[in-house]
Number of protein chains: 2
Amino acid sequence: MKHEDIKSVLESGEVGKEAVVCGWVRTFRDSANVAFLEISDGTSFKKLQVVIDKSALAVDAECTKLGASVRVRGEVVPAYKGDGRELNAKEVTLLGKCPPEYPIQKKRTTLDFLRTIPHLRLRTNTFAAVFRVRSVAAQAIHRYFHERGYYYINAPLITASDCEGAGEMFRVTTRPWNAKAESEEEYYKSDFFGVKAGLSVSGQLEGEVAATALGKIYTFGPSFRAENSNTTRHLAEFWHIEPEVAFAELPDVIEIAEEMLKYLIRAVLEECPEELAFFDSFVEKGLIEKLKHVESSDFAVVEYTDAISLLEKENARFQFPVSWGSDLQSEHERYLTETVFRRPVFVTDYPKEIKSFYMKQNADGKTVAATDLLVPGIGEIIGGSEREADYDKLVSAMRERNMDLDAYRQYLDLRLFGTVPHGGFGLGFERFVMYVTGIENIRDVTLFPRSVKNIK
Amino acid sequence: MKHEDIKSVLESGEVGKEAVVCGWVRTFRDSANVAFLEISDGTSFKKLQVVIDKSALAVDAECTKLGASVRVRGEVVPAYKGDGRELNAKEVTLLGKCPPEYPIQKKRTTLDFLRTIPHLRLRTNTFAAVFRVRSVAAQAIHRYFHERGYYYINAPLITASDCEGAGEMFRVTTRPWNAKAESEEEYYKSDFFGVKAGLSVSGQLEGEVAATALGKIYTFGPSFRAENSNTTRHLAEFWHIEPEVAFAELPDVIEIAEEMLKYLIRAVLEECPEELAFFDSFVEKGLIEKLKHVESSDFAVVEYTDAISLLEKENARFQFPVSWGSDLQSEHERYLTETVFRRPVFVTDYPKEIKSFYMKQNADGKTVAATDLLVPGIGEIIGGSEREADYDKLVSAMRERNMDLDAYRQYLDLRLFGTVPHGGFGLGFERFVMYVTGIENIRDVTLFPRSVKNIK
């Protein structure tokens, strides 16, 4: 079906020439002599206005219904307002009717309602803008790493190991719901993989395998958490960016995370000005200012021990008072980044007891070379660390946690054969999209969100 | 750990300046006065030669062991051969020892053996080259679609619907192996999602949701097949590229697939010349010639009915003789593309009985607007179609297949509210990587391959 994208007609349609476009009717206004049809085909945030001279052209009433799909042939003319283009219609052809039961009507619909019709909500301004930003951000992630010589790798999603401490896993099976077995071992022996298998919560361990051969790698793929939590910030299935870099120590990890985050924010600011202006008006006042501030800040760095000292003085204001050894809650994170530092801040060198086995043990014997990046308005957005590269220290950390060393033989091998300092971090993609759009519910930045009892 | 990438030293190191690099020892040659260490850090296919003047510098023997990791400080000098650079060592520091049990030794190891050590095989030339090509191809895919205004979308992987006919699905559950239930319904009611859930075999149906709102979209994410087949061309988990385009009819789908495939091949030819030269020498003689031929061919198009006429004349040569209505086997596909057309060929308009319910029904009442792209040396590489946009025809195709209409209400809604012609196709990413590297086993282009009884 030969036609042009509405975006290209709007931006570079040659005045006086004929153009053919296709799209869905977004508004229709009628007057005595002229009627106006606004149509959208998804290629641009802006819609194309089609002007119908009623004395010259009779248009099927079905072509004017909200949500109907049409093809329009017309002459490109300068827009009545602004420097865009519009079309003087010569022919309007119906492609698909849209009956009045169409659930997306012009009256302001709520995000809650739209969540019940995930297959249609992308046809609204808000969701089209969210998924445009999401796509631009994803491109920027690939571009950032590729330009810097990182390999994109695909960590396996079905896995036989569970990444200690990262949360509950889904099990993957081909056995029927009522399969019988004498024992757990026998049950899994008859299963597809012959052993218990689950969905990966992180690609980090495989990322380390790749980084200690290829140097700089990143994953950008799905991760899964079978957590029974129904919050606006958690999904059972989400997309995860996890770079891993050989020969990188904690300060390098911090430098990369800061540079990457600024790069991504800059890309969205530059490539999605219309979408951000829309979110700034209708979703989060001051959004663009917030993003520009972060993009131009020097991020702060503070050791956990110092952060605790700062927080302890203010314990009266917190629901959960802190002391050395406490895990930081959202209230503490936001206080640090919003009130103390007033800019993004990396907290480093956490107590080893509240962090994972694979993090590099510091010389003090108490802390590990971990870091969380806290940003205003959201708290933690990135978590990373230098990894323990010493075989004996890694084994002792695993023993302290009663882990099964045999399940981690490959991972330990990386420390036996040419071990190197290395590190990396993880960024939840949906969290980032929420941050740059101001959307407060993670379900609204995800095409078909999955969470407990929710699989529409 | 401040250092430079080996790639940047090799390509643009300033002669006479000092450089610090890190890497793994790949070869060591010793002579009376001078020793040579070749090191690699993954950033380039080429290794960096480090020259050690033994009268001036004593190097720890551990630094010369295959697989050991080292840091080298040295003076950049012109390479003895070619126009690259090498380093005259001033200091060689051991980062990590590599004991003689290291399974990757210089003697030629087989791909079969390397498959048993997936966590170390990336340290060989072959696998480093494969994963460099894989990464470059992935980038090219994102670039191709982004430059043309497609949105990148992430279809859900955990799904409650099964995409009719696309093969066996894995089940996703949080119930323990020995969970008891009175009935299937009760079993799933207590499961995480409250209904039976599985791993998606295709993002197409969700891609159609997005395309009929956003215009042009593509997915690039994992798909799963729980097929009990242990071949060199099938995985239980693979990455899948699935563009979907509103207002596209079958000829448009064909045009996009041809243009995309050529773009990807061109990107790999241009960006991976060293890797392709290596594969051409050691993996598939004539590989580069093959790729250039495909990249510069006008792809042929033949209707299934005509293809069958061509094949029937040659039925004597086939293990499985064909007649109208037959599904094409690999031997027929390869005969068509390698012997009849001698270039890539789109076969179109297949009998509806051997294709999926969602494909557009042609006016003849017998065929559907489907196409498979066949390429020399491999057979089918892309499968696509125009989708049935007419509600009544889609319902009748589903009824003929005894499908549960209620499970597809969202999908059917797309045909009720502003339906449009649309279409798309699917490309298995690993199949593409096999094609452009000449690697014959899909397990060798996948970081941690998953197949029946195989989850290392």
Using only Cα atoms and rounding to the nearest 10 degrees, what angle (0 to 90) does helix A:273-282 make with the longest principal axis of chain A? 90
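Take the alpha carbon gyration tensor of region A:152-247, find the square roots of its eigenvalues, order them as a ≥ b ≥ c, and report rounded if a/c is under 1.5; if not, report prolate when a/b exceeds b/c, else oblate. Could you put the intermediate results ahead of the total?
Details: a/c = 2.91, a/b = 1.55, b/c = 1.88.
Judged from the Cα gyration tensor, region A:152-247 comes out oblate (a/c at least 1.5, b/c at or above a/b).
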Could you let me know the centre-to-centre spacing of region A:401-429 and region B:349-379, using Cα atoms, in angstrom? 47
For chain A, take the longest principal axis of its alpha carbons; what is the angle in degrees between that and the long axis of helix A:250-271, to the nearest 10 within 0 to 90? 0
Work out how much length residue B:353 to residue B:259 would gain on full extension: take 0.36 nm times their residue separation and subtract the Cα-Cα distance, in nm to one decimal. 30.9 nm
So, with +1 on the Cβ of K and R and -1 on the Cβ of D and E, and no other charges, what is the size of the charge dipole of the protein assembly as shown about its Cα centre, to the nearest 20 debye? 140
Across region B:121-444, how many lysine pairs, 8 or more positions apart or on different chains, have C-alpha atoms separated by under 19 Å? Please give the number. 12
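How high is the relative contact order of region B:6-102, in percent, with contacts defined as C-alpha pairs under 8 Å that are six or more residues apart? Could you put the intermediate results ahead of the total?
On the way: 227 pairs, mean separation 29.9, N = 97.
That works out to 31 percent.
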Dipole in debye (nearest 20) - region A:6-102, about Cα centre, beta carbon charges: Lys, Arg +1; Asp, Glu -1: 140
Rounded to whole Å, give me the distance from the Cα center of region B:59-131 to that of region A:258-320. 42
Between residue B:30 and residue B:111, what FRET efficiency follows from the Cβ-Cβ distance if R0 is 25 Å, with the result rounded to 0.05? 0.25
Normalised by the number of residues in region B:121-444, what is the relative contact order in percent for Cα pairs under 8 Å and 6+ residues apart? 19
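Taking the Cβ-Cβ separation of residue B:195 and residue A:231 as r and a Förster radius of 22 Å, what is the calculated FRET efficiency to the nearest 0.05?
On the way: r = 21 Å, r/R0 = 0.97.
The pair residue B:195/residue A:231 has a calculated efficiency of 0.55.
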With the charge dipole of region A:42-197 built from beta-carbon charges (+1 for Lys and Arg, -1 for Asp and Glu) about the Cα centre, the Cα from A:169, A:130, A:159 projecting farthest to the positive end belongs to A:130
On a 0 to 90 degree scale, rounded to 10, what angle separates helix B:125-147 from the longest Cα axis of chain B? 50
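What GluC sites (Glu not before Pro) does region B:372-407 have in DSSP loop regions with at most 15 other beta carbons within 10 Å? Walk me through the numbers on the way to the answer.
On the way: sites: B:380, B:386, B:388, B:400; in loops: B:388.
The qualifying sites: there are none.
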Where does the protein assembly as shown land at 222 nm, in deg cm²/dmol rounded to the nearest 500, when only DSSP H runs of n ≥ 4 count, each adding -39500 (n - 2.57), divided by all residues? -8500 deg cm²/dmol
For B:133-144, mean number of other protein chain Cβ atoms within 10 Å: 4
Obtain the nm distance between the two label points defined at residue B:406 and residue B:270 by a simple spin-label model: each point lies 7 Å from its Cα along the Cα-to-C-beta direction. 5.4
Which residues does the label zone of residue B:2 cover in region B:19-52, counting backbone N under 19 Å from a point 7 Å along Cα→Cβ? B:19-23
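Taking every DSSP beta bridge with both residues inside the protein assembly as shown, roughly what % is antiparallel (nearest 5)?
Working: 135 of 155 bridges.
If we restrict to bridges inside the protein assembly as shown, about 85 percent are antiparallel.
Which ordering of A:434, A:169, A:403 is given by a fewest-first count of other beta-carbon atoms within 10 Å? Intermediate values should be presented prior to the final figure.
Values: A:434 23, A:169 20, A:403 15.
Ascending number of Cβ neighbours within 10 Å: A:403, A:169, A:434.
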Projected onto the charge dipole of the protein assembly as shown (unit charges on the beta-carbon of Lys, Arg, Asp and Glu, signs +1, +1, -1, -1), the Cα from B:116, B:294, B:421 with the largest positive-side position is that of B:116
Given an 8 Å cut-off on Cα distances and at least 6 residues of separation, report the relative contact order of region B:232-304 as a percent. 28
Can you put B:219, B:109 in order of Cβ neighbours within 10 angstrom, beginning with the fewest? B:109, B:219
Whose Cβ in chain A comes nearest the axis that rotates A onto B, and by how many Å? A:142, 2
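Using a ≥ b ≥ c from the Cα gyration tensor of region B:67-154 (square roots of the eigenvalues), is it rounded, prolate or oblate, where a/c under 1.5 gives rounded and otherwise the larger of a/b and b/c decides, a/b for prolate? Please report the intermediate quantities before stating the final value.
Working: a/c = 2.48, a/b = 1.42, b/c = 1.75.
Taking the square roots of the gyration eigenvalues as a ≥ b ≥ c, region B:67-154 is oblate.
We did not get these values from a lab; they are worked out from the coordinates using the rules stated. Bear in mind the structure is a predicted one, so any value in this text is a computation, not a measurement. Note that each Cβ is placed from the backbone with ideal geometry, even for glycine, and that neighbours are counted across all protein chains shown.
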